[in-house]
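Remarks on the structure that follows.
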Amino acid sequence: MKTESDHYDVLVAGGGQAGLIAAIVAAEKGARVCLLEGAPRTHRGGNTRHTRNLRPMHIGPLSVLSGTYDEAEYWDDLMRVTKGKTNETLARMTLRQSTEAVDWLEARGVQFQPPLGGTLHLGRTNAFFMGGGKQLLNALYRHADKLGVEVHYDAMVTSVEISEGRFKSLQVGDHTISANAFVAAAGGFEANIEWLKEAWGDIAENFLIRGTPYNRGDLLRMLLDAGARQIGEPNQCHAVAIDGRAPKFDGGICTRVDCVSLGIVVNRNAERFYDEGEDFWPKRYAIWGRLVADQPDQVAHVIIDQKARGAFMPPVFPAVVADTIGELAQKIGLDPATLEKTVADYNAAVQPGKFDHTELDGVHTSGLVVNKTNWARTLDHPPYSAYCLRPGITFTYLGVEVSEKAQMQMADGTESPNIFAAGEIMAGNVLGQGYLAGIGMTIGNVFGRIAGREAADYALNR
Amino acid sequence: MRSTDKTTEAARVMSICNACRYCEGHCAVFQAMELRLEFNSDTLDYLANLCHNCGACYHNCQYAPPHEFQLNVPAAMAELRQENYGVYAWPGFMGKLFANNGLWVSFLSIVVITLFLGGTAILTGDDFFSAHDNAFYGVISHDVLAAMFGAVGGFVLLALVVSIVKFWRTINLPGPFRLDYPRVMQGIKDALSLKYLDGGNGQGCSYPSETPSMARRWFHQMTFWGFMLCFAATSSATVLHYGFDLPAPYGYLSLPKLFGILGGLGLIVGPAGLLILKARADAAPKGKTNKGMDVSFLVLLFLTSLTGLCLMFVRDTQYVGVMLSIHLGVVMTLFLSMPYGKFVHGFYRLIALIVFAVEKNDHKQVVGVCQDKKAA
């Protein structure tokens, strides 16, 4: 790789939404900007490529969004999932500034999807990108190009020179580039199995990585080694139970299996281990990655009968199907006698009630060690179907601490004058744990804009 | 139900898309897909004909090559269309002509134009290079022309109607009298406005490159309306000829001439624009096995119009014989290739769009429902 110059006003590492926005904002303010994307062009954009929406606060309808989603409600939603693990100042600032995200993106060519008749349930809280995150990336890359941002692909940062918290230069291979200000937006470390193992132990070998294979966390590690203050815990991540047959990396959205609440989930020992009907699936899917990770071999199987067919999003891989529970157990490698007993016990424990999947119907089991509290229907309508589940890691929360100006905080209590962070690399400041649909892109959008503005102001002495 | 490489690939692609659904805002293909869990060949033929090959879903796809899922919806649909045009062709054996369509159309045009030139030269003898008082009718009489093109036109019409009926039945549309007419109007509107070349938000399709553009929509409109105006020119001339005993040639301020000139210009600019866009377009979303079909059709349209306008200018000169032969050769090739070339796409697409309007309105799948279910 060879850049046009050895020195820039603003250097951005990471070409996902946060980095791109920072680069665009800095360029719009007149800075000379170079953006380094670690992935090849076809896989550019980090996890943004796999995203679909962001979550803007709004009073009254906003672009494709209906109704009102005010700060109080948004804050409640955030508190519910993070259980208080957030920096309130940064979080409230993020919520307030999220309102401008849609207009800002639309003004730069990003298209949002108008609601389709009744197919979307998030038309009030989440603004969907037409075609998904890659459309947003394509539009922003085109816009960055128009502004003269110099973009390099396959440009993974290999070392960074930071002296007393001040960015001096970095290297991509044997090429050295310096800059007045540096924006770190290179994502988390979910694709770095060795790092995941430090937090999770050897079981991380059995995790599937739903996100981009290029988020290896090299820059994050370099910043922490250079004295940045760490935020979040290494085992916190967005972990979903996904189809066990999904690719090791980069499987994205389509690897989801959405029928847990319609059936039962058993582990390798053919035993149930958690209430499948605790709450609506969109509110629960983000805990199931962790639940499966705690099971032997980090594997589970969701089992449904014919009644549930067609009542959930079709999974990407076909189900394993059999006419009896015993035969199904054999096909998926479980002990038939145990699975038959598990299903029989479960069926016997189902209490009468009127099944309604659109509400918490209270149709439950009674007397089991692990009861199912909603949507508990007997499994008695063959053929039976099984989907294998494994933990799928989308993104990690451990990052660098930042200020309201997106300035990186140092472990010694100072703040870096010219290093700014945006996106997944600092999302843990706002999202310490749990998950809220669209919150990652919202954080990246808001902090991308702040980081770009502050980096340009610093670089241009404003 | 048919099972081929093309249907297998299209079914694989749709199964992945149906689990993702990010593209649902782009076009009808994905909205129709969401009404289904499985994809048989009837359904896939329908979806393939709903696809306008705008490329938006390819450029915005998180699973596009080199991702291991190797998703390329527009290419899978384009290749399947090429195959199913052949399946619905009548008579059946002529469907094979879709396999190397560009080649056979080129070959046919050479043969037909040569025959016209040779035939006319032999029949007119020394008069081949003469000007005539009654312009081109001096070279070949109206009755001969009408008989020749009438016969071929009749066959073309028959072949098209049978193909359309085959497709109509496959996708489970009811008989003409039991159609849901507001939905039919919606389908016609979506077809005529080329709605699904708008990318979903009116920004245009991702063609010829990833950047959304309206260029293709406009050039296609010029091509379509150019063709329709040329058709109107011929029709109005027929009315004048038989109804009012006013045979050609006509003056510049006559209906056939005004329609013809305007249509002819559209049919030059439109196909030329589409050809230029096609040459610049990304290769990946176009598909591999369907090469030549689109190009040969566009070239024929372009030449039909170009030679027609040239004929208008030279009709009172000694070059009328040569020009007329070339023009008639091109038009005859266009006629003969209509049921066995890209021309058929308009009919299948229109029908698919009508069915889609019904499915969307009823929120229920119409195509691909298996026969025993239909009976029940």
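We did not get these values from a lab; they are worked out from the coordinates using the rules stated. From a predicted model like this one, the values you see are computed outputs, not experimental measurements. Neighbour counts run over all protein chains shown; Cβ positions are idealised from the backbone, glycine included.
Please report, in Å, the Rg and the Dmax of chain A, where both are computed over Cα atoms only.
Rg then Dmax for chain A, in Å: 23.4, 73.
Can you list, by residue number, the Cys in chain A that have no neighbouring cysteine C-beta under 4.7 Å?
Unpaired cysteines in chain A: A:Cys34, A:Cys237, A:Cys259, A:Cys388.
With both partners inside the protein assembly as shown, how many of the DSSP beta bridges are antiparallel, as a percent to the nearest 5?
Values: 43 of 62 bridges.
Among the beta bridges of the protein assembly as shown, antiparallel pairing accounts for roughly 70 percent.
Between segment B:164-219 and segment B:299-341, what is the separation of their alpha carbon centroids in Å?
First find each Cα centre; the distance between them is then 30 Å.
Evaluate E = 1/(1 + (r/R0)^6) for A:Glu100 and B:Arg280, where r is the Cβ-Cβ distance and R0 equals 56 Å; express this FRET efficiency to the nearest 0.05.
Efficiency at R0 = 56 Å is approximately 0.95.
Give A:Lys354/B:Lys364; A:Lys307/A:Lys354; A:Lys29/A:Lys405; A:Lys83/A:Lys372; A:Lys283/A:Lys372; A:Lys341/A:Lys372 a once-over and call out the pairs whose C-alpha atoms are over 18 Å from each other.
Cα-Cα > 18 Å for A:Lys354/B:Lys364; A:Lys83/A:Lys372; rest within.
Each residue of segment A:174-179 in order: what ³J(HN,Hα) in whole Hz does its phi give by Karplus 6.51 cos²θ - 1.76 cosθ + 1.60, θ = phi - 60°, with x for Gly and Pro?
9, 9, 9, 10, 10, 7
Working from Cα positions, state the angle (0 to 90°, nearest 10) between the long axis of helix A:133-146 and the longest principal axis of chain A.
Between the helix axis and the principal axis of chain A, the angle is about 10 degrees.
How much of the calculated P(r) for segment B:100-375 lies past 29 Å, in percent of all Cα pairs?
Details: 16102 of 37950 pairs.
Distances greater than 29 Å cover 42 percent of the Cα pairs.
Based on the mean of other Cβ atoms within 10 Å per residue, sort peptides B:86-93, A:5-12 so the most packed one is first.
Most protected by this proxy first, the peptides run A:5-12, B:86-93.
Please compute the Cα-Cα pair-distance distribution of segment A:240-392 with 10 Å bins starting at 0, giving whole percents from short to long.
Using 10 Å bins, I get a P(r) of 12, 45, 38, 5, 0 for segment A:240-392.
Could you let me know the centre-to-centre spacing of segment A:427-444 and segment B:132-154, using Cα atoms, in angstrom?
Comparing the Cα centres of segment A:427-444 and segment B:132-154, I get a distance of 75 Å.
If I model a spin label as a point 7 Å beyond the Cα along the Cα-Cβ vector, how far apart are those points for A:Gln330 and B:Asn100 in nm?
5.2
Please express the Cα-Cα pair-distance distribution P(r) of segment A:401-462 as a list of whole percents, one per 10 Å bin, running from 0 to the bin with the greatest distance.
Taking all Cα pairs of segment A:401-462, the binned fractions are 23, 50, 23, 4 percent.
Please give the Cα centre distance for segment A:297-337 versus segment B:56-75, rounded to the nearest Å.
29
Once you list every other residue whose beta carbon is under 13 Å from the beta carbon of B:Arg183, what net charge do they have if Lys and Arg are +1 and Asp and Glu are -1?
0
Using only the alpha carbons, work out the radius of gyration and Dmax of the protein assembly as shown in angstrom.
Radius of gyration, then largest Cα-Cα span, for the protein assembly as shown: 31.8, 106 Å.
Separation between the B:Val152 and B:Arg2 pseudo-spin-labels, each 7 Å from Cα along Cα→Cβ, expressed in nm?
Here the answer is 2.7 nm between the modelled labels.
Which residues' amide hydrogens lie under 5 Å from the amide hydrogen of A:Ala228, considering only partners 5 or more residues apart or on another chain, with H built in the peptide plane?
Sorted by chain and number, the residues that satisfy this are A:Ala411.
Give the lysines reachable from B:Lys6 as a straight Cα distance under 22 Å; neighbours fewer than 8 places away on the same chain don't count.
Output for B:Lys6: B:Lys96, B:Lys166, B:Lys286, B:Lys288, B:Lys291, B:Lys342.
Which ³J(HN,Hα) values in Hz, rounded to whole numbers, follow from the phi angles of segment A:2-8 under the Karplus curve 6.51 cos²θ - 1.76 cosθ + 1.60, where θ = phi - 60° and Gly and Pro get x?
With the stated coefficients, segment A:2-8 comes to 9, 8, 5, 9, 8, 9, 10 Hz.
Mind listing the long-range amide H neighbours of A:His7? Cut-off is under 5 Å, sequence gap 5 or more, other chains count too, H placed in the peptide plane at 1.01 Å from N.
For A:His7, whose amide H was placed from the backbone, the distant partners under 5 Å are A:Ser178.
From Cα coordinates alone, what are the radius of gyration and Dmax values for segment A:1-75 in angstrom?
Here Rg and the maximum Cα pair distance are 16.9, 50 Å.
Cα axis of helix A:439-459 to longest principal axis of chain A: angle in degrees, 0 to 90, nearest 10?
In chain A, helix A:439-459 runs at an angle near 10 degrees to the longest axis.
If I model a spin label at B:Ser209 and B:Arg169 as a point 7 Å from the Cα along the Cα→Cβ vector, what separation in nanometres do I get?
4.8
List the trypsin sites (Lys or Arg not before Pro) in segment A:1-38 that DSSP assigns to loop (not H, G, I, E or B) and whose Cβ has at most 14 other Cβ atoms within 10 Å. Which are they?
In loop regions of segment A:1-38 (DSSP not H, G, I, E or B), the sparsely surrounded trypsin sites (Lys or Arg not before Pro) are A:Lys2.
Can you give the relative contact order of chain B as a percent, counting alpha carbon pairs under 8 Å and 6+ residues apart?
RCO, chain B: 28 percent.
Normalised by the number of residues in chain A, what is the relative contact order in percent for Cα pairs under 8 Å and 6+ residues apart?
Numbers: 1135 pairs, mean separation 109.3, N = 462.
Relative contact order comes out at 24 percent.
Tabulate in residue order the Karplus-calculated ³J(HN,Hα) for segment B:335-349, using 6.51 cos²θ - 1.76 cosθ + 1.60 with θ = phi - 60°, rounded to whole Hz; enter x for Gly and Pro.
These are the phi-based 3J(HN,Hα) values: 4, 5, 8, 4, x, 10, x, 4, 3, 5, 4, x, 5, 4, 5 Hz.
Taking amide hydrogens as modeled 1.01 Å from N in the peptide plane, which residues meet the under 5 Å criterion relative to A:Asn53, leaving out close sequence neighbours?
Excluding prolines and chain starts, which carry no amide H, the hits are A:Phe129.
Working from Cα positions, state the angle (0 to 90°, nearest 10) between the long axis of helix B:142-170 and the longest principal axis of chain B.
Helix B:142-170 sits at roughly 10 degrees to that axis.
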